[in-house]
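Asker: Pasting a structure here, questions to come.
Just so it is clear, none of the values below were taken in a lab; they were calculated from the coordinates. Since we're looking at a predicted model, the values are computed, not measured. Here the Cβ positions follow ideal geometry from the backbone for every residue, glycine too, while neighbour counts run over all protein chains shown.
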Amino acid sequence: MTLKEDSQRPLSRELYRRAKQQLPGGVNSPVRTFATVGSYPIIAESAKGALLRDVDGHDYLDYIGSWGPMILGHADEEVVAAVQQAVSRGVSFGLATQAECELAELLIESVASLERVRLVNSGTEATMSALRLARGFTKRNKLIKFAGCYHGHVDALLVQAGSGVATHHTSSKRAPSSAGVPESVIEETLVLPFNDLEAVSQQMQQQGDKIAAIIVEPLPGNMGVVPPIEGFLKGLRDLCDRHESLLIFDEVMSGFRVARGGAQQLYGVRADLTTLGKIIGGGLPVGAYGGRADIMDHVSPRGDVYQAGTLSGNPVTVAAGLATLRKLLGWRDPQSGVDAYGYLERLGKQLEQGLQPLIKESGCCFHRVGSMFTLFFTPGPVHNFTDVAQADHSANGAFARFHRGMLANGILLPPSGFEAAFISLAHTEESIAKTVAAISSTLRDG
Ligand SMILES: Cc1ncc(COP(=O)(O)O)c(C=O)c1O
């Protein structure tokens, strides 16, 4: 059944009303409210492949993909079987297992700069731990981050952050993006415009000897997809080398999404530390941080940087992650024989080409890297957070109207203009053709 208008979701509306009595804002993560697209939450009932069903029985072609992890599509049979087997052996031991070792080996084999890795429970935990390690290793306190990049809700990184923070809070240049984050915590965090190497170079010249790390999404998806311009990442690498600061690539979203080796493989730049999440847990709660062995050897119990977790390396998560990665890396299109990344690129290109004539006439700007994409309601060019913010992101603005139109056409996009949409291996040429048609009619209807 296809949704025609919001009033056709009575059960969702009722559940949302109930949820608001118990959960802040009725949700467990802010962007799920759909408030900024002038709607109310999709309450999920189930999902299979590229389709998600809401509790009112509407089916949507899903491009949220649980915000990135579901690269195989939903309820993949091999992942489900691996999870069931793991559960039947015991859901948690709080002890080391063989499977976590296999997952670590697979991560290290895949991402060139990883020599050691530690599994944690979320992307937030991964970036928080990587920062502590960078500070402990360099014996310096200051950090550089970029406006519009989101690294989870780590206090020190909640300044001009992207994703839900950009969607729900206004953020001034020096103030924390969240109440409860003391000014003193972000005093050591310098925020610069993404893609502005000159600005980074100036800061490094002035205080490079105090900078523990530059942390960056090498391919930001949390202000929408904003690729690095030629030379930007390489420039960061050179500056870090010159000033003996660490370069942290936050690949929680881009890891295994744009290439087996992540954005660092795509752009040919090596990080000192990398954070991962999402895909590596196959949809269960996960994070990981890793990198150079000489740095990682400072992590407890080998070194003096403390970090621990009751459920870290949880056997069910690890089983889902291993099954997902093994299937992803061995995947071949039965017709053409291309691998997963070739197939996702083909679908992405089909979407891009289908939209090209339309984008020009509607004054939008479309960005895509592999299976990640965003439609910005601004003519562009879009190179940083300020450019993204030019678009009207209000609940009655162009993006919100577009989002509601797409829902009515059975297409589920992330409910914010500051997010990336994801194509999965369960999408097909037909899904993309349907999406192009829906975008065309939605944009034309205004
Ligand atoms: C690049 C990046 N880093 C960190 C995080 C935080 O991950 P989590 O939501 O698992 O804490 C996210 C989440 O979207 C992310 O996209």
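Asker: Can you tell me the order of 430-440, 83-93 when each peptide is scored by its average per-residue count of other Cβ atoms within 10 angstrom, highest first?
Answerer: Ranking the peptides 430-440, 83-93 by packing returns 430-440, 83-93.
Asker: Extending each Cα 7 Å along its Cβ direction at residue 55 and residue 293, get the distance between those two points in nm, one decimal.
Answerer: The modelled label-to-label distance comes out at 5.2 nm.
Asker: Note down the net charge around residue 37, summing +1 for each Lys or Arg and -1 for each Asp or Glu among other residues with Cβ under 13 Å from its Cβ.
Answerer: 0
Asker: Top mean-square fluctuation among 23, 425, 246, Gaussian network model of the chain, C-alpha springs under 10 Å?
Answerer: 23
Asker: To continue, here is another question. Show me 307-319, 148-160 ranked by packing, highest mean number of other Cβ atoms within 10 Å first.
Answerer: Going by the mean number of other Cβ atoms within 10 Å, highest first, we get 148-160, 307-319.
Asker: For each pair in 48/349; 145/278; 145/434; 48/434; 142/234; 48/360, compute the distance between the two Cα atoms and list the pairs where it is over 27 Å. Intermediate values should be presented prior to the final figure.
Answerer: On the way: 48/349 24 Å; 145/278 21 Å; 145/434 38 Å; 48/434 18 Å; 142/234 21 Å; 48/360 34 Å.
Pairs exceeding the cut-off: 145/434; 48/360.
Asker: Here's a follow-up. What do you get for trypsin sites (Lys or Arg not before Pro) in the stretch 115-153 restricted to DSSP loop and a cutoff of at most 14 other Cβ within 10 Å of the site's Cβ? Provide the component values of the computation, followed by the final result.
Answerer: Numbers: sites: 116, 118, 132, 135, 139, 140, 142, 145; in loops: 139, 140.
Those that pass, being in a loop and sparsely packed, are 139.
Asker: Any idea which of 90, 52, 21 is furthest toward the positive side of the dipole for the stretch 1-105, if Lys and Arg beta-carbons carry +1 and Asp and Glu beta-carbons -1?
Answerer: 21
Asker: Further question: So, R0 is 56 Å and r is the distance between the beta-carbons of residue 346 and residue 201; what FRET efficiency does that work out to, to 0.05?
Answerer: E(calc), rounded to 0.05, equals 0.90.
Asker: Further question on the same structure: For residue 101 and residue 234 in one chain, what is 0.36 nm times their gap in residues minus the Cα-Cα distance, to one decimal in nm?
Answerer: 44.7 nm
Asker: Still on this structure, please answer the following. Take the alpha carbon atoms of the stretch 1-53, find their center, do the same for the stretch 199-259, and report the distance between the two centers in whole angstrom.
Answerer: 36
Asker: On a straight-distance basis, which aspartates and glutamates could pair with residue 327 in a cross-link, Cα separation under 13 angstrom, same-chain partners fewer than 8 positions away excluded?
Answerer: By straight Cα distance, residue 327 reaches 76, 77, 78, 339.
Asker: Which of the trypsin sites (Lys or Arg not before Pro) across the stretch 263-337 are loop residues per DSSP, with 13 or fewer other Cβ within 10 Å?
Answerer: Qualifying residues, ordered by number: 302.
Asker: Given the C-alpha centroids of the stretch 57-94 and the stretch 328-377, what is the distance between them in whole angstrom?
Answerer: Value for the Cα centre distance between the two parts: 24 Å.
Asker: Then there's this: For the stretch 43-179, what does the alpha-carbon gyration tensor say about shape, rounded, prolate or oblate, given a ≥ b ≥ c as the root eigenvalues, a/c under 1.5 as rounded, and a/b over b/c as prolate?
Answerer: The shape class here is oblate.
Asker: Counting only complete DSSP H runs, which helices of the chain cover 20 Å or more along their long axis at the Cα atoms and score a mean Kyte-Doolittle of 1.0 or above?
Answerer: Flagged H segments are 315-330.
Asker: Let me ask something else. Taking square-rooted eigenvalues a ≥ b ≥ c of the alpha carbon gyration tensor, is the stretch 368-417 rounded, prolate or oblate, where a/c under 1.5 means rounded and, failing that, a/b exceeding b/c means prolate? Don't skip to the answer; put the middle values down first.
Answerer: Values: a/c = 2.62, a/b = 1.29, b/c = 2.03.
Oblate is the answer for the stretch 368-417, as a/c is 1.5 or above yet b/c matches or exceeds a/b.
Asker: At a Förster distance of 60 Å, what's the computed FRET efficiency of residue 48 paired with residue 209, Cβ-Cβ distance as r, to 0.05? Intermediate values should be presented prior to the final figure.
Answerer: Details: r = 54 Å, r/R0 = 0.91.
About 0.65, to the nearest 0.05.
Asker: Taking the Cβ-Cβ separation of residue 13 and residue 358 as r and a Förster radius of 25 Å, what is the calculated FRET efficiency to the nearest 0.05?
Answerer: E between residue 13 and residue 358, to the nearest 0.05, is 0.15.
Asker: Treat the count of other C-beta atoms within 10 Å as a stand-in for reagent exposure and order 46, 122, 424 from fewest to most.
Answerer: 46, 122, 424
Asker: A further question follows. Tell me the relative contact order for the chain as a rounded percent, counting alpha carbon contacts under 8 Å between residues six or more apart.
Answerer: RCO, the chain: 23 percent.
Asker: Restricting to DSSP loop positions (anything but H, G, I, E, B) with no more than 15 other Cβ atoms inside 10 Å of their own Cβ, which chymotrypsin sites (Phe, Trp or Tyr not before Pro) remain in the stretch 280-363?
Answerer: 306
Asker: Now, a different point. To the nearest µm²/s, what D does Stokes-Einstein give for the chain at 10 °C and 1.306 mPa s, using the Kirkwood radius over alpha carbon pairs as Rh?
Answerer: Rounded to a whole number, D works out at 71 µm²/s.
Asker: Decide, for the stretch 225-369, between rounded, prolate and oblate: order the square roots of the alpha carbon gyration tensor eigenvalues as a ≥ b ≥ c, take rounded if a/c falls under 1.5, and otherwise choose prolate if a/b is larger than b/c, else oblate.
Answerer: Working: a/c = 2.40, a/b = 1.37, b/c = 1.76.
It is oblate, given that a/c is not under 1.5 and a/b is not larger than b/c.
Asker: How large is the charge dipole for the chain, taken about the Cα centre, if only the Cβ atoms of Lys, Arg (+1) and Asp, Glu (-1) carry charge, to the nearest 20 debye?
Answerer: Rounded to the nearest 20 debye, it is 480 debye.
Asker: Among 373, 385, rank each residue by its count of other Cβ atoms within 10 Å, from fewest to most, as a rough exposure measure.
Answerer: Fewest-to-most Cβ neighbours within 10 Å comes out as 373, 385.
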